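The values are calculated or read from the model by the stated rules, or taken from the named source; none is laboratory data. Computed from a prediction, not measured in an experiment: that's the story for all the values here. Neighbour counts are summed over all protein chains in view; Cβ atoms, including those assigned to glycine, are modelled from backbone coordinates with ideal geometry.
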Amino acid sequence: MGLKQTIGRESGRALLLGNEAIARGAIEAGIAVATAYPGTPSTEIVESLAEVANDLGIYVEWSVNEKVAFETAFAAATAGARSLTAMKHVGLNVAADPLFSSAYTGVEEGFVIVSADDPSMWSSQNEQDNRLYGLHAYIPVIEPTTLREVKDLTKQCFEFSKEIQHPVILRTTTRISHTRVVVELGPISKPIRRGKYFKDPERYVLVPSNARKLRAKLVEKWRSIEEKLSSFPFNAIEGDGKVLIVGAGISYSYVVEALEHLGIRDKVRVLKLSTVVPLPRDLVRKALEGVEKVLVVEELEPVVEMQLKSLVVDEGMSIEVHGKDLVGYLYEMSLTRAMRAVAKFMGIDYAEPSGIETTLPSFVFPRPPQLCPGCPYRPLYYALRKVVDRLNAERGVEHEPIFCGDIGCYTLGLNPPFRLHDTTIEMGGSLGMANGFAISVDDRIPIAIIGDSTFYHAGIPPLINAVYNSKPVLVIVLDNRITAMTGHQPNPSTGITATGREAKIVKIEDIARACGVEYVKVFDPANIEETEKILREAIEYVEKERKPALIVSRRLCALQAVRKIRSMGLEIPRYFVDPEKCVGCGLCYNKFACPAIRPRSREDRKATIDPELCTGCGVCASICPVGAIKPENPELVEKVREVWRG
Amino acid sequence: MKFVNVVITGVGGQGLLTMARLLAEAAMARGFETLAAETHGMAQRGGSVVVFLRIGEEIYAPTFSSGMAHLVVSTELIEAVRSVPYLRSNGVLATNTKVIYPAIPGIYGSVDENQVLEWLRARIPNLYTVPASNVAESLGNPRATNMVMLGVASVILERWIDTEYLAKEVSKIGKGRIAEINRQAYERGREIAESLRVVKL
Ligand SMILES: Cc1ncc(C[n+]2csc(CCOP(=O)(O)OP(=O)(O)O)c2C)c(N)n1
Ligand code: SF4
C-alpha cells in the first residue's frame, strides 16, 4: 500500500510512510505544483506525488537541484498556485539564496517548504538543524509532534501560509519521514491554481529601494505571525503541575512515553509544541503560569530553549530553565535519553531497562554499506585502482592523483579494496575541490569522481571554471542513468520525467564539449581492458597538457538493469565457478570484491557464487585470469547485454 | 500502555522493508495503531538494516531503546546477534541461520556458525533458528528468504495481526512464478513456526 492506493478514497484508514502522509496532506490541501531534488530523508514526498500527479492534474517534477526546485515552486506560489517543495536539510543550503528573499516578497498562495532533517546522520554528511534557518530568514517553522498528526498538520501548514501570505517551513526528521503510520483519510481538493500573473514589481523586484521597505514590513509581519501561532491548533497545554516539560516537535512523542514509563504523566504540565519558530509567546506565557521550573526536550540545537530563555528574561520571570544541559546536543531523540533527562529533572530514581546482553561478541563483524553486486562502479574502480597502482609502481606513490569524491553510491569507492577517495564534502564538491588542488598541489593531479545526477546538480559551473582558468583536472562522470543513492529517481540522463513522460536526454559528453573540454570520451566500464586504456590515456593527457579532460563511464545501475531484465520477462543469467579451473587466487572476491562471490570455505579458497546475491552482470567472468567463471546459459547473457548498456 | 515492540533486521536488499510494511498493515487490519520506523539510504546498499515495528493501542515514539524489544526477527545470523541488545530479558529471537559476509577482504569464513548458535542458545531461552535461505532456495527462489521469516513472525505475532489479511497480501507480491514461490515460502515459514511451538506474544 502506498499513496497511490489511497487515491479515490476520501475516508477510512491507510498505512502510509510519514513522507506519503505529507504528500496526502498536500493533495487534501489542494496543491497544484510540487518540486524537489531527491535527498534522504525527504525523497518519498515528491516521489509519491509524482505517482498520482496525472490522476489528480497536479504538476510534479524532479528539478536538477534544490535551488531550481525552490524557485520553481516559489514562482508558482507567487502566481497563485498552491505549491510544495521538499528537500533534505543540506538541500536548503543550496536553496538558501531564494529562501531568504522569499520572506521579503511573501507569496500569494500557500507555499510549504518541507525540510527533512537527519539527526544522527543516518544518510547525511552533517547534522544541521534547519529550524535555525527559520529564525535567520524570518520564515515560520512547524513540526509534527506525533506521527499520526503528520497529514493534517501538513494541510494546516498550507492554510496558514495562505492566511499570512508567507512561506512556511514544515520541518521533519528521519523518524517522521521514514516511519509508517495509520492515517485517517479526508477528501482530496481540486488543485488550486490561478494560471495568471499580476505584475507587482515593488514586491517582486528586490532592488535596494524596494528591499528596504520590504525589510521593515517583514519585521512587523513577524510579530503578527508570532501572535497568530499562539492559537495554532496543533499546539496544546496538557496536564498540570508546578513543573513544565516542553516537548518540541517529535520529542513530544518521546516525552509522553517517558512520563508514562516513569509513572508521572499526571504530575507534570506538558507543552506540546508544533510551532517552534517563532515561539508563540502568548501560549508559552500561559504554559509558564505558576510554574517553578521548565525542561525543554528537543533534538539538536537549543532553538526552543534559547527563545524560551529570552522570553523568561524579557518578562522578568524567575523560573529555572533546563534543556541541553540535561538532554544533550548530539543525535536523534530516544526513549532512554528522554527518560534519563526527565528523571534527572524531576529528581527521581530511574533504572535503565535491562535486557539480555549489552555487549556484542567479537565474532560480530562490521557491515558497512557496499556497492551492490553488479554495480557499474565496481569494474570502474577496479580498473582505476589497477591503473593507478601501476603508475605508482612506475614513479612513486607520492604522485598518486588526489581523488576528489562526491556524494552518491559511488562514495563507497572510499572503502577497501579500492581505497580511492581523498575528499567528499558536499554535492559538486568533487569538481570544486579539484579546481583548488589543481593550483595548489604541484606533483599530483586531481581526479574528480562525480555521478550523473550530481554533475547536473552542481558539477557544471566548476567544470566551466576549470576550462576557463585552464586547470589540469580529470573528471570521471559515473553515469548510471539514474539518481541511485536516494532510491532511483529519474534525472536528465534517464530519458523520462518524474511523472513517466518521455524526456530529452541531456548528454553529459555534449555538455562537456559545449563547455570547452577538448578531451571527452565515453565507455562501458564492464569492458575492463578498454576502461584501463582510457583511464591511463586520460591521466597522461591531463598531466601533459595541463588542461581538463572529462570521461563518461556509462552503464546502468544494477538494480535498474535487474528490474528491466525482469520486466522484459527474462531471467537473470546465472554464473558458476568451475572448481576444476579455479586456482583460488581470490582476485574476484578480494580485489574485485563482489559481495556475491566468496571462498568455498575457510580452508578451500576456491571461489563460489551466491545465487541469492548475484545479479548476473558477468564482469567477474571477464576478470578471472584462468577463465573459471562461466554463465549457465550463454544465450541469455547475449539477450541481457544491451540492457546493461542502457 | 499495551503494545509490542519488534525489531526486524537483516542485510540491506533482503526485503526487510516489505516484511515490516506487511506486518504493520496486518496490525492495522486488526484495528491496532502501529508505527514502523524504517532504514533508508546508505544502509540499503548491503549494510545492516533495522526496522522498529510497534503495535498497540496507543503508541507515540517511533523508536525504542535497548532492552525494550519483545521480539527480534532476523533474515541473517550475524544481524540477529547484533540486535540482541534490543531484547528485553524475556524477549524472543527468530532468525535465519545463514551468514552473509560483507565483501571486505579477509572476513569471509571468519565466523563459526556453531559458535554463533551456541552464543545465542546460552542467552536466549526463546530462540528459534530457521534455515530460511535453504527453504527459499529449495522452493526455487533464494530471494524469498524474507517471506519464510515473515511466515515465522506471523505466528509469533498472531495476537497482534490479522493473519488472513497478511496471507492475502503476501500472495499479491510479484507476478506469476515469483508470486507463487513467495506464497509457498510464507506458508513454509508458518509451518516451521508451528512445528517449533513458538511463543505467541
Ligand atoms: C545538497 C544535497 N542534495 C541532495 C543530497 C542527497 N543525495 C545524496 S547522493 C544523491 C544522488 C546522487 O546521484 P548520482 O550522482 O547520480 O549518484 P548515484 O547515487 O546514482 O551513484 C543525492 C541526491 C545531498 N547529499 N546533498
Ligand atoms: S544502487 Fe545502483 S549505483 Fe548504487 S550501488 Fe547499487 S548498483 Fe551501484
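Worth pointing out:
- The residues in the range A:207-235 that are polar (S, T, N, Q) and either in a helix (DSSP H, G or I) or surrounded by fewer than 13 Cβ atoms within 10 Å (Cβ to Cβ) (or both) can be counted, and the count is 4.
- Across the range A:38-92, the number of residues qualifying as within 12 Å of ligand 1 (Cβ to nearest atom) and without any contact (Cβ under 8 Å) to a residue 12 or more places away in the chain comes to 0.
- Residue in the range A:509-520 that is surrounded by fewer than 20 Cβ atoms within 10 Å (Cβ to Cβ), at pLDDT 95 or above, more than 16 Å from ligand 2 (Cβ to nearest atom) and among the basic types (Lys, Arg) present: yes
- Residue count for the range A:435-468, restricted to those that are outside any strand (DSSP E or B) and either within 14 Å of ligand 1 (Cβ to nearest atom) or of a type in the set (Gly, Ala, Ser) (or both): 13.
- Tally, over the range A:565-577, of residues that are surrounded by fewer than 17 Cβ atoms within 10 Å (Cβ to Cβ) and either part of a loop (DSSP other than H, G, I, E, B) or over 33 Å from the mean Cα position of the chain (by Cα) (or both): 6
- Scanning the range A:581-617 for residues that are surrounded by fewer than 19 Cβ atoms within 10 Å (Cβ to Cβ), of a type in the set (Val, Ile, Thr) and within 31 Å of the chain's Cα centre (by Cα) turns up nothing.
- In this structure, A:VAL640 does satisfy being away from every other protein chain (no Cβ under 14 Å), within 16 Å of ligand 2 (Cβ to nearest atom), touching a helix residue (DSSP H, G or I) at 6+ places or on another chain (Cβ under 7 Å) and assigned to a helix (DSSP H, G or I).
- The residue list A:ARG378, A:ARG367 contains one member that is surrounded by 21 or more Cβ atoms within 10 Å (Cβ to Cβ) and free of Cβ contacts under 8 Å to residues at least 24 places away in the same chain, which is A:ARG367.
- Considered as a group, the residues in the range B:158-194 that are part of a helix (DSSP H, G or I) and of a type in the set (Ser, Thr, Tyr) include one that is farthest from B:VAL7 (Cα to Cα), and that residue is B:TYR165.
- Elements of the type strands (runs of 3 or more DSSP E) sitting completely within the range B:7-93 and holding at least 2 residues that are surrounded by 24 or more Cβ atoms within 10 Å (Cβ to Cβ) and more than 7 Å from chain A (Cβ to nearest Cβ): these cover B:48-56, B:69-74.
- Taken over the range A:469-490, residues that are under 23 Å from the mean Cα position of the chain (by Cα), assigned to a loop (DSSP other than H, G, I, E, B) and away from ligand 2 (no atom under 13 Å from the Cβ) amount to 1.
- If only residues of the range A:347-372 that are farther than 22 Å from B:PHE64 by Cα and either more than 16 Å from ligand 2 (Cβ to nearest atom) or in the same structural domain as A:VAL255 (by TED's automatic domain parsing) (or both) are counted, the one that is farthest from the chain's Cα centre (by Cα) is A:GLY347.
- A:VAL562 being within 16 Å of ligand 1 (Cβ to nearest atom) and not in a strand (DSSP E or B): yes
- Of the residues making up the range A:609-622, those that are more than 9 Å from every other protein chain (Cβ to nearest Cβ) and within 21 Å of B:THR75 (Cα to Cα) number 3.
- For the range A:526-559, the candidate set comprises residues that are in a helix (DSSP H, G or I) and within 14 Å of ligand 2 (Cβ to nearest atom); within that set, the residue that is nearest to the other protein chains (Cβ to nearest Cβ) is A:LEU559.
- Qualifying residue in the range B:21-31 (condition: at pLDDT 95 or above, in contact with a helix residue (DSSP H, G or I) (Cβ under 8 Å, 6 or more places away or on another chain) and closer than 24 Å to A:ASN415 by Cβ): no
- A:ALA86 vs. criteria in a strand (DSSP E or B), on the phi < 0 side of the Ramachandran plot and touching a helix residue (DSSP H, G or I) at 6+ places or on another chain (Cβ under 9 Å): yes
- Pairs are defined by a Cβ separation below 6 Å, a sequence spacing of at least 6 or placement on different chains, a first member in the range A:398-413 that is assigned by TED's automatic domain parsing to the domain that holds A:VAL475 and within 12 Å of ligand 2 (Cβ to nearest atom), and a second member that is among the aromatic types (Phe, Trp, Tyr) and at pLDDT 95 or above; the pairs so defined are A:TYR410/A:TYR377; A:GLY413/A:TYR381.
- Within the option set A:ILE505, A:ILE551, A:ILE528, being surrounded by 16 or more Cβ atoms within 10 Å (Cβ to Cβ) and either among the hydroxyl-bearing types (Ser, Thr, Tyr) or within 31 Å of the chain's Cα centre (by Cα) (or both) holds for one residue only, A:ILE551.
- Just so you know, in the range A:611-626 the residues that are under 21 Å from A:GLN560 (Cβ atoms) and assigned to a loop (DSSP other than H, G, I, E, B) include one that is modelled with the lowest pLDDT, and it is A:GLU612.
- Whichever residue in the range A:403-417 is out of contact with any Ser or Thr (no Cβ under 7 Å at 6 or more places or on another chain) and under 22 Å from A:GLN560 (Cβ atoms) and, among such residues, is surrounded by the most Cβ atoms within 10 Å (Cβ to Cβ): A:TYR410
- Residues in the range A:373-391 that are within 16 Å of ligand 2 (Cβ to nearest atom) and in a helix (DSSP H, G or I): A:TYR377, A:ARG378, A:PRO379, A:LEU380, A:TYR381, A:TYR382, A:ALA383, A:LEU384.
- Matching residues in the range A:4-26 - criterion: being in contact with an Asp or Glu (Cβ under 6 Å, 6 or more places away or on another chain), more than 13 Å from chain B (Cβ to nearest Cβ) and not basic (Lys, Arg): A:ILE7
Residue by residue, here is whether (1) buried (at least 19 other Cβ atoms within 10 Å of the Cβ); (2) more than 14 Å from chain B (Cβ to nearest Cβ); (3) within 30 Å of A:GLY616 (Cβ to Cβ); (4) within 34 Å of the chain's Cα centre (by Cα) holds:
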residue: A:LYS324; (1), (2), (3), (4): no, yes, no, yes
residue: A:GLY328; (1), (2), (3), (4): no, yes, no, yes
residue: A:MET333; (1), (2), (3), (4): yes, no, no, yes
residue: A:ARG337; (1), (2), (3), (4): yes, no, no, yes
residue: A:ARG340; (1), (2), (3), (4): no, no, no, yes
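- Residues that are under 23 Å from B:LYS98 (Cβ atoms) and of a type in the set (A, V, I, L, M, F, W, C) were ranked within the range A:618-646; the one that is surrounded by the fewest Cβ atoms within 10 Å (Cβ to Cβ) is A:ILE629.
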